[in-house]
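Structure first, commentary second.
Read the figures in this text as sums done on the coordinates, not as results from a lab. On a predicted model such as this, the values are computed, not experimentally measured, just so you know. Don't worry about glycine lacking a Cβ; one is built from the backbone with ideal geometry, like all the others, and counts go over all protein chains shown.
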């Protein structure tokens, strides 16, 4: 078989995937960009080609802090960033702590590793629905425990008001932290034990070994993990939708569900498309950083 024939067969095998990718990913993005430049509401959904062209008006409405759409959009962006920050910090602490604990050799370590993975193994819908019941003001177990141990005297309203974001973050952290644990555990097992032995001979404490050996050698893994999970958290739709329904409290109005409501509750698909494109542009920049860091890691970061 000649090289030209091999290439033809290669293209034939790849072509179905390329067509499927074009139809499911590239084409919807192009169509979304088209909708963002039109005044597309429920009235024009049956005849999109007749929707008025308004240029960048949807983007101006979304980005302007003088319009109600802009105020709500920027509030959702702020809430989403805070949500991502809480998730990243807590998941890092829990994942790293669990990985350091289970990187040691002791009886029952394998069983404990399996138990730590349970939140990640369970479907997220099941876990978040359970948390919705647990966060109930009147008969939720979380308020019951807090009252019993004396931290609070009256039940806390978790699923509305200012505490809603913390309820969403706690639910998301429970689902996400085992992934951090698995990645960090794999990274720790790749660190030579001789480095710790040499540091111990030099009189280094546990904290010094962590800051001068563990953290620097896990830096490539940590950077990629932060970038990747930041994108996932920023795009999180399941958590707020299952916890709060279609209309979440303002304090937990994440950008994903905010765009959903703009498009499918208020039927303003033009504004929803404009917000989607802005988020895509931001996440595209984050993805470029992720790709560049991946290449740096492969080259020996």
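A Gaussian network model of the chain, with springs between Cα atoms under 10 Å, assigns the largest mean-square fluctuation among 135, 106, 56 to 106. Anisotropy class assigned to the stretch 197-301 is oblate, per the alpha carbon gyration tensor with a/c at or over the 1.5 cut-off and a/b no larger than b/c. Mean-square fluctuation check for the chain, GNM, Cα pairs under 10 Å: which of 286, 30, 17 is largest? So, out of 286, 30, 17, the one fluctuating most is 17. In this rough spin-label picture, where each label sits 7 Å from Cα along the Cβ direction, the residue 63-residue 198 distance is 5.2 nm.
As a test of the formula, what do you get for the chain when each DSSP H run with n ≥ 4 contributes -39,500 (n - 2.57) and the sum is divided by the residue count, at 222 nm and rounded to the nearest 500 deg cm²/dmol? Present the calculation step by step, with values, prior to reporting the outcome.
Details: 15 runs with 204 residues, N = 301.
Calculated from helices alone, the mean residue ellipticity at 222 nm is -21500 deg cm²/dmol.
Extending 7 Å from Cα along the Cβ direction at residue 281 and again at residue 122 yields two label points whose distance is 4.1 nm. Computing percent of Cα pairs over 37 Å apart for the structure here picks out one of (1) 13; (2) 34; (3) 43, namely (2).
When only C-alpha pairs under 8 Å and at least 6 residues apart count, what is the relative contact order of the stretch 79-298, in percent? If you can, show how the numbers build up before the last one.
On the way: 206 pairs, mean separation 60.5, N = 220.
It comes to 27 percent, rounded to a whole number.
When you count the other C-beta atoms within 10 angstrom of each residue and take the mean per peptide, 75-84, 183-192 line up highest first as 75-84, 183-192.
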